[in-house]
Amino acid sequence: MEDRSRYFILAYDSPNFSAAAAQVPMTPQGFTKIIRNLERDLGVPLFETDERGVRKPTRYADEYYQYAKYVQAAQHQLGTAFERISSESKLEIKVACALGIPGLFGVDALQRYESLNPSVKVSFSELPDALCDSLVRDGFFDVGITIQPAARGLTTVNLTSSPVMLWVRKDDPLSKRKRLTFEDLAGRKVAMPGKDFRIFEAFTRECIQRDVAVDVISYAEIFWIYNFALSGKGLGFCLPHLVALDVFTHSSDIVALPLEGITWQICFSWPEGRHLAAHENAYLKCLRKEASILKNTHATPACCEG
């Protein structure tokens with residue numbers, strides 16, 4: 001079941017089955033067969049093709065995605081537990097990391113503390129914001145690198161923030177602006193990550209406070225948000241480090257503009273009432289140094305020791 005959950009997550013997060021299959025790697029035909037067998041066993045369609053021939057996840061897929069992520073996290077937790085039993089003398093920090101953060105920091109930066117401190121193992125899983133918070137709060141992970149506003153029951157320390165941007169087609173008059181305001185969005189459709197992501201909460205709160213009526217369309221995956229904007233259906237949420245990815249630079253018909261009044265706030269979190277161990281405090285110190293360098297230079301963070 002864990003392998004099928006992994007394949008489903010790849011299918012859900014990729015623009016097509018061929019791209020997903022290449023990450024395994026396996027043939028597109030073999031990958032498609034696995035997904036179809038999963039649909040047969042579940043008794044529901046997970047993907048459908050629209051009138052333009054674009055494959056899209058169904059509402060069943062949206063629900064199954066959360067389950068598959070939980071299975072993946074549980075499998076990771078079990079694996080790390082086995083490793084801990086076989087290596088009792090080695091300290092470990094199990095980190096739940098919100099989606100998108102490794103892309104901003106770089107995976108090497110998040111695990112650099114481990115390379116400088118061989119007696120400590122740092123293992124992390126990338127998860128949707130809400131699931132990330134709940135698993136840290138409930139003790140499945142030691143700490144989290146999560147998004148503000150964090151869930152109740154967590155102690156947090158701010159690390160850094162990133163501007164929020166919106167994809168806009170170049171034939172939209174808004175594309176001529178250097179930056180956008182919430183007032184520019186009045187009456188518009190804006191594709192955003194769904195309610196499991198903290199930026200959705202922050203964005204809708206700002207709209208309410210500013211009395212700006214925006215039709216928010218929820219997607220769980222950044223590819224669908226990009227395609228929503230590219231096809232001219234409305235504007236699409238993005239972040240600077242995502243805009244720079246090759247997969248989002250192939251079209252000259254779209255531009256990303258900063259949105260004033262909101263940022264993507266990243267924090268370090270752990271269960272309320274629990275004191276960080278010495279090696280966890282050292283890891284936090286390392287991350288804060290990495291975040292400071294990232295903020296000041298917009299370059300890959302330099303090494304730091306805990």
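The values are calculated or read from the model by the stated rules, or taken from the named source; none is laboratory data. Worth saying up front: this structure is predicted, and the values here are computed from it rather than measured. Cβ: placed from backbone, ideal geometry, glycine included. Neighbour counts: every protein chain shown. Please note that ligands, DNA and RNA were not included when accessible areas were found on the heavy atoms of the full protein model with its side chains. Shrake-Rupley method; radii C 1.70, N 1.55, O 1.52, S 1.80 Å.
For the range 1-143, the alpha carbon convex hull comes to 136 Å³ per residue, rounded to a whole number. Accessible area per residue for the chain, computed on protein heavy atoms with a 1.4 Å probe, is 48 Å².
Ellipticity at 222 nm from helices only: DSSP H runs of n ≥ 4 in the chain, each -39500 (n - 2.57), divided by the residue count, give -13000 deg cm²/dmol. The distance from the alpha carbon centre of the range 122-195 to that of the range 222-280 is 6 Å, rounded to a whole number.
Could you please state how large a percent of the accessible area of the range 1-145 is carbon and sulfur, counting protein chains only and using a 1.4 Å probe? Result for the range 1-145: 52 percent of the exposed heavy-atom area is carbon or sulfur.
Helices that extend 20 Å or more along their long axis by alpha-carbon positions and average at least -1.0 on the Kyte-Doolittle scale are, among the DSSP H runs of the chain, 28-42, 59-86, 278-297.
When restricted to Cα atoms, the range 1-84 yields an Rg and a Dmax of 13.6, 51 Å, respectively. The share of C-alpha pairs in the chain whose separation exceeds 37 Å stands at 18 percent. Let me check against my output: what whole-number percent is the relative contact order of the chain, with C-alpha pairs under 8 Å and at least 6 apart? 20 percent. May I ask you to list the aspartates and glutamates whose Cα is less than 13 Å away from that of Lys189, ignoring any residue fewer than eight positions away on the same chain? Correct list for Lys189: Asp172, Asp215. For the range 109-141, backbone nitrogen atoms closer than 20 Å to the point 7 Å from Arg152 Cα along Cα-to-C-beta are found at 129-140.
Pairs from the list Lys69/Lys195; Lys170/Lys233; Lys56/Lys176; Lys195/Lys295; Lys69/Lys289; Lys56/Lys233 with a Cα-Cα gap above 23 Å: Lys56/Lys176; Lys195/Lys295; Lys69/Lys289. Kindly list the residues of the range 171-190 that lie in the label zone of Asp253, defined by a backbone N under 16 Å from the point 7 Å along the Cα-to-C-beta vector. Taking a point 7 Å out along Cα→Cβ of Asp253, the residues of the range 171-190 whose backbone N falls under 16 Å are 171-173, 175.
Taking each residue as 0.36 nm, the span from Ser18 to Val212 lengthens on full extension beyond its C-alpha to C-alpha distance by 65.8 nm. Counting protein heavy atoms only, the range 162-258 has 53 percent of its accessible area on carbon and sulfur, 1.4 angstrom probe. Kindly state, to the nearest 0.05, the FRET efficiency for His275 paired with Tyr67, given R0 = 30 Å and r defined as their beta-carbon distance. Once the sixth-power term is evaluated, E becomes 0.35. Search the structure for amide H atoms under 5 Å from the amide H of Cys267, placed 1.01 Å from N in the peptide plane, and list their residues when 5 or more places away or on another chain. Long-range HN contacts for Cys267: Thr146, Ile147, Gln148, Leu159.
Treating r as the C-beta distance of Lys176 and Val44 and R0 as 35 Å, the FRET efficiency rounds to 0.20. Mean silhouette area of the range 146-199, derived from the convex hull of its C-alpha atoms and averaged over all directions, reads 5.3 nm².
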